[in-house]
1. In nm, what is the difference between 0.36 nm times the number of residues separating A:Leu95 and A:Glu321 and their Cα-Cα distance?
2. Could you tally the net charge around B:Pro64, taking each other residue with its Cβ under 13 Å from the Cβ of B:Pro64, Lys/Arg +1 and Asp/Glu -1?
3. Can you give the calculated 222 nm mean residue ellipticity of the protein assembly as shown, where each DSSP H run of n ≥ 4 adds -39,500 (n - 2.57) and the sum is split over every residue, rounded to the nearest 500 deg cm²/dmol?
4. When the expected Rg is taken as 2.2 N^0.38 Å, what fraction or multiple of it is the alpha-carbon Rg of region B:1-40?
5. Mind jotting down the distance between the C-alpha centroids of region B:178-253 and region B:97-141, whole Å?
6. What do the square roots of 5 times the Cα gyration tensor eigenvalues come to for chain B, in whole Å, largest first, as semi-axes of the equivalent ellipsoid?
7. Report the residue, chosen from B:Lys267, B:Lys178, B:Lys35, that carries the largest GNM mean-square fluctuation when chain B is represented by alpha-carbon nodes joined by springs under 10 Å.
8. Rg (Å, one decimal) plus Dmax (Å, integer) for the alpha carbons of the protein assembly as shown?
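The numbers here are math on the coordinates, done by the rules we state, and not lab data. Since this is a predicted model, take the numbers as computed values, not measurements. Here the Cβ is made from the backbone with ideal geometry for all residues, glycine too, and neighbour counts use every protein chain on show.
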Amino acid sequence: MTSLTAPEETTTPPKGPDSRPPRRSRRHLFPYLIIAPAVLLELLIHIIPMATGFWMSFVELTKFFIRRWLEAPFVGLENYRIAIDLNTPVGQELLNSFLVTVGFTALVVGLSWGLGMAAAVALQRPFRGRGVFRTLFLIPYALPLYASVITWNFMLQRDTGVVNHVLVDQLGILDGAPFWLIGDNAFISVVVVAIWRMWPFAFLMFMAGLQSIPGELYEASAMDGASPLRQWRSVTLPMLAPVNQTMLLVMFLWVFNDFNTPYVLFGSAQPRAGDLISFHIYNASFLSWDFGVGSAMSVLLLLFLLAVSLVYLYFTQWKKEKSNA
Amino acid sequence: MRETTGEKIFRALVLIGLTLFVALPLYVMITTSMKPLGDVQSGFSWFPSTITFEPFVQMWSTVPLARYFMNSLIVTLAATLFSVAVATLAAYAVSRWRFHGRGPFMTTVLSTQMFPGVLFLLPLYLIFVNIDTMFGVPLVGTRIGLIITYLTFSLPFAIWMLVGYFDGIPRELDQAGKVDGAGNLTILLRIILPAARPGIVAVAIYAFMTAWGEVLFASVLTTENTRTLAVGLQQYSTQTNVYWNQVLAASLAVSIPVVVGFLMMQKNFVAGLTAGAVK
């Protein structure tokens with residue numbers, strides 16, 4: 001804990017003519033010194049494990065080698081071949097999981113964006129009770145994930161849950177009580193639960209963004225006879241562009257990597273229709289104890305996310321430069 | 001500027017729809033936690049047949065909830081404290097100095113956000129095991145391992161947000177401090193920190209929420225004695241029975257401190273987000 005002892009050194013600057021060179025070098029070192037804890041921790045928890053994971057994807061890290069994993073034999077691209085070979089169940093299941101995750105991400109990000117935007121615009125003007133709605137809408141974001149997902153799990157129970165009670169008993173929309181946590185319905189379930197948790201984040205970001213739009217812009221466009229919808233398109237949306245840009249990317253990455261929602265919602269045996277990719281990789285690694293193939297899948301996932309992010313950043317930055325010119 | 005009827009209808013529809021969506025699980029959680037188990041198992045009802053607080057009593061003995069609660073509290077508080085301290089120092093450096101590697105540092109820190117958790121879960125687990133066998137520092141199954149892990153999870157966002165906050169504090173204040181002969185850390189503690197207090201609080205809340213709600217690493221890096229709430233709450237379901245009323249009572253109980261804290265600080269949080277997004 002060097003940072004804890006540092007104050008005394010710096011609060012009593014040495015006096016006298018020969019103290020100048022060390023002071024200068026210390027001043028030069030200071031930012032490095034205080035950034036060191038962050039760098040060390042990032043190295044230990046993120047960078048080194050990441051590099052190790054990359055290395056692991058090239059070795060045969062089955063249960064025979066877990067105890068002495070540093071001696072696992074090098075197998076080149078074999079793990080990758082196993083992961084993406086569509087002639088085997090492993091490859092087919094990975095592809096299924098990938099497609100499920102793409103659909104899941106598109107729906108969750110898209111609908112969270114829409115709900116967050118609608119709520120932020122609806123709460124833009126002051127009115128009585130605005131604070132109450134604002135507070136209520138933030139609760140799903142503040143709740144610990146497992147608490148809310150466990151509640152949803154209860155709500156989606158076939159015989160004792162509120163969802164079937166409303167849909168079957170009260171509204172009579174569905175005839176037989178369906179299962180929501182196994183079979184094809186599991187996809188709808190995990191999407192709804194993820195949206196419930198995610199949309200308040202979009203709402204929060206949009207609220208923050210809306211505060212920075214000057215009211216005169218709306219007044220001026222109203223004088224030009226712009227309809228509310230037109231105002232939204234021509235004032236709100238463009239002014240929120242910077243918020244949108246970061247938020248969409250962040251939400252995409254969070255949702256695509258989401259492990260916790262399916263893990264708590266489905267337990268250890270995830271239904272095929274709700275087999276999200278992080279959870280899939282976790283199960284593939286820990287069920288067969290083949291960390292090599294699991295790592296290869298993780299690296300493929302990372303490469304995919306990286307590629308999408310770079311393309312996204314390229315186009316958003318490019319658009320920005322074009323509009324500036 | 002008057003509000004049109006169309007806008008009023010839009011607002012009413014949005015607010016009614018979203019209120020129902022958000023409130024339904026909250027309502028279910030609260031009412032179920034006050035129902036007798038027989039009530040819960042005989043099918044869903046909107047109102048409890050009798051209101052009972054038994055689940056809030058029984059939940060402590062069905063699973064060792066108090067232990068899980070203490071584990072969560074220790075791990076979360078420690079992770080929050082260290083995360084805020086480490087992020088503050090790093091953000092101060094980034095905001096006030098143009099040093100070599102400043103750009104790469106920020107890029108690396110932020111891009112770790114995009115890495116899938118599973119990719120470093122397995123290696124981290126193996127590295128922790130190795131550190132244990134080589135240096136005798138037990139990290140798997142102890143709280144320390146979880147604390148170090150969690151504190152890095154909130155670090156990127158915390159640094160990002162605090163740099164935005166610190167950048168908003170005029171450098172003239174630093175200069176005035178320097179003229180008075182204050183060292184860098186004194187300036188940080190006496191000038192920057194007080195001025196950025198809302199940002200620090202918001203970052204602390206974020207770090208707390210991240211650690212309090214984490215499931216994946218908690219399920220791999222803990223054992224029975226160090227298990228946190230995130231994993232422990234799943235133990236209310238046994239082979240034969242799920243104690244739904246107790247599970248939801250426990251969920252409610254562990255949510256309240258976090259939700260109250262967040263709602264009290266939400267204005268800071270929004271302000272912090274804006275400070276970061278404006279850059």
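1. Roughly 77.7 nm would be gained on extension.
2. +1
3. -23000 deg cm²/dmol
4. Computed over Cα atoms of region B:1-40, the ratio equals 1.90.
5. 19 Å
6. 40, 29, 16
7. In this elastic network of chain B, the residue with the biggest mean-square fluctuation among B:Lys267, B:Lys178, B:Lys35 is B:Lys178.
8. Just the Cα atoms of the protein assembly as shown yield Rg and Dmax of 25.7, 90 Å.
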